[in-house]
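These notes are about the structure you will find just below.
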Ligand code: NIG
Ligand code: FE
């Protein structure tokens with residue numbers, strides 16, 4: 001097996017409980033064997049055994065190395081855009097007003113249904129490239145703009161196909177319970193029956209890694225969300241939840257009851273919700289792009305999450321309605337400026353904790369046995385990743401041990 005050694009670098013390992021901030025190793029060496037990290041530490045301590053087995057050496061030129069970034073909450077595959085609704089909101093309409101008037105998610109559902117798989121793929125590929133260009137090596141993509149079997153299938157197949165020839169992994173999440181489609185207007189429970197019919201079919205086609213729902217007064221009640229979670233549990237699928245984004249409906253407690261991987265948004269999270277998440281080991285996924293773009297004023301309770309030791313992830317929420325964003329680095333900055341995360345918390349939120357939010361234990365840190373997904377940056381210190389706005393200091397990405 002190939003053994004490749006990267007030297008002349010500074011490595012932010014992001015390992016949990018590291019004794020130094022960011023798990024930073026100066027004058028480091030990083031040994032890659034096949035697609036895995038085999039060893040990381042100070043170059044002066046590099047075991048001779050690795051040197052003798054080395055098949056290729058890489059001089060990183062003094063670069064900073066971090067784990068590949070992980071965008072753990074996106075709705076990247078969709079048709080059309082919602083620039084005109086953005087305009088309506090600037091003229092006074094609220095996100096909820098627009099949703100109730102048949103716009104919002106429903107307008108993206110119309111555009112997504114009308115698009116062919118090839119059109120969806122082309123549109124989504126441009127967004128995916130933007131993420132990859134900033135060092136993303138794993139991302140999640142949710143369905144939820146098809147809301148009928150053939151269209152949810154089309155969207156999820158596009159999501160799976162996107163990573164085919166690219167240095168990135170895609171995890172897919174079924175979000176059939178995102179909104180009630182027009183043909184089921186006023187018949188939410190009938191639509192949920194349909195969601196429960198779609199789920200096992202899509203799972204059997206290998207299109208579903210996890211199940212999500214939108215628990216909110218403009219979407220599904222906790223009781224309705226529970227039906228979706230029970231179905232997921234029966235199929236052995238992990239759950240996540242769009243919870244407490246616009247109001248506190250107790251979604252976090254419900255999700256915790258099902259051992260949710262994550263609860264996402266959380267602007268209205270209550271102390272009881274935070275305690276429940278801590279007990280369940282759920283990750284809090286913070287989405288500063290949606291907070292900013294919807295001009296929310298209520299912040300997710302970051303101090304409370306810290307108090308309870310709930311791990312925090314940061315993600316783009318890339319979607320046409322609430323966060324038309326393809327820059328995870330900008331989200332790190334906004335998580336700091338808007339939500340007061342530290343740059344170290346923000347970076348852990350796009351690496352280690354983002355992996356946890358996807359149920360992935362083989363990535364998100366740089367340690368022996370982990371996937372060799374990492375990024376070389378033209379930076380001196382990892383705090384610079386969250387500091388700059390609109391910069392892209394990426395030099396090179398290594399995916400599964402292979403340099404691009
Ligand atoms: O994460 N909250 C629900 N879903 C998306 C927005 C969907 C949309 O407006 O198209 C979100 O914010
Ligand atoms: Fe979302």
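Remarks
- Matching option when the condition is more than 20 Å from residue 350 (Cβ to Cβ), surrounded by 21 or more Cβ atoms within 10 Å (Cβ to Cβ), away from ligand 1 (no atom under 16 Å from the Cβ) and touching a residue at least 40 places away in the same chain (Cβ under 8 Å), among 156, 175, 162: 156
- Single match in 104, 186, 144 (criterion: surrounded by fewer than 19 Cβ atoms within 10 Å (Cβ to Cβ) and at positive phi): 186
- Residue within segment 346-364 that is surrounded by fewer than 17 Cβ atoms within 10 Å (Cβ to Cβ) and touching a strand residue (DSSP E or B) at 6+ places or on another chain (Cβ under 8 Å) present: yes
- Residues in segment 257-281 that are surrounded by fewer than 24 Cβ atoms within 10 Å (Cβ to Cβ) and more than 14 Å from ligand 1 (Cβ to nearest atom): 257, 258, 259, 270, 271, 272, 275, 276, 278, 279, 280, 281.
- The residue pairs whose first member lies in segment 58-75 and is without any contact (Cβ under 8 Å) to a residue 24 or more places away in the chain and more than 13 Å from residue 327 (Cα to Cα), whose second member is part of a strand (DSSP E or B) and within 16 Å of ligand 1 (Cβ to nearest atom), and whose beta carbons are closer than 6 Å, counting only pairs six or more residues apart or on different chains, do not exist in this structure.
- All positions within segment 380-404 that are buried (at least 21 other Cβ atoms within 10 Å of the Cβ) and either part of a loop (DSSP other than H, G, I, E, B) or free of Cβ contacts under 8 Å to residues at least 12 places away in the same chain (or both): 382
- In segment 76-93, residue nearest to the chain's Cα centre (by Cα) [restricted to those that are closer than 25 Å to residue 159 by Cβ and in a loop (DSSP other than H, G, I, E, B)]: 76
- Pairs where the first residue, in segment 257-277, is touching a residue at least 40 places away in the same chain (Cβ under 8 Å) and within 11 Å of residue 239 (Cβ to Cβ) and the second is assigned to a loop (DSSP other than H, G, I, E, B) and away from ligand 2 (no atom under 13 Å from the Cβ), C-beta under 7 Å, 6+ apart: 261/238; 261/282; 261/358; 261/359; 262/282
- Segment 312-334: number of residues that are more than 9 Å from ligand 1 (Cβ to nearest atom) and either out of contact with any helix residue (DSSP H, G or I) (no Cβ under 9 Å at 6 or more places or on another chain) or farther than 14 Å from residue 285 by Cα (or both): 7
- Number of the exception - residue 48 against (1) surrounded by 16 or more Cβ atoms within 10 Å (Cβ to Cβ); (2) out of contact with any strand residue (DSSP E or B) (no Cβ under 6 Å at 6 or more places or on another chain); (3) more than 30 Å from residue 170 (Cα to Cα): (1)
- Meets criteria (within 19 Å of the chain's Cα centre (by Cα) and surrounded by 21 or more Cβ atoms within 10 Å (Cβ to Cβ)) for residue 302: no
- Qualifying residue in segment 244-251 (condition: in contact with a helix residue (DSSP H, G or I) (Cβ under 8 Å, 6 or more places away or on another chain), at pLDDT below 95 and assigned to a loop (DSSP other than H, G, I, E, B)): yes
- When segment 155-187 is filtered for residues that are over 25 Å from residue 261 (Cα atoms) and outside any loop (DSSP other than H, G, I, E, B), the ones remaining, listed by number, are 182, 183, 184.
To keep it simple, each residue is scored yes or no on (1) closer than 27 Å to residue 295 by Cα; (2) crowded, with 19+ Cβ neighbours inside 10 Å.
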position	(1), (2)
64	no, yes
68	no, yes
91	yes, no
118	no, no
122	no, no
134	yes, yes
138	no, yes
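The values are calculated or read from the model by the stated rules, or taken from the named source; none is laboratory data. The shown structure was predicted, so the numbers you read here are calculated from the model rather than taken from an experiment. Cβ: placed from backbone, ideal geometry, glycine included. Neighbour counts: every protein chain shown.
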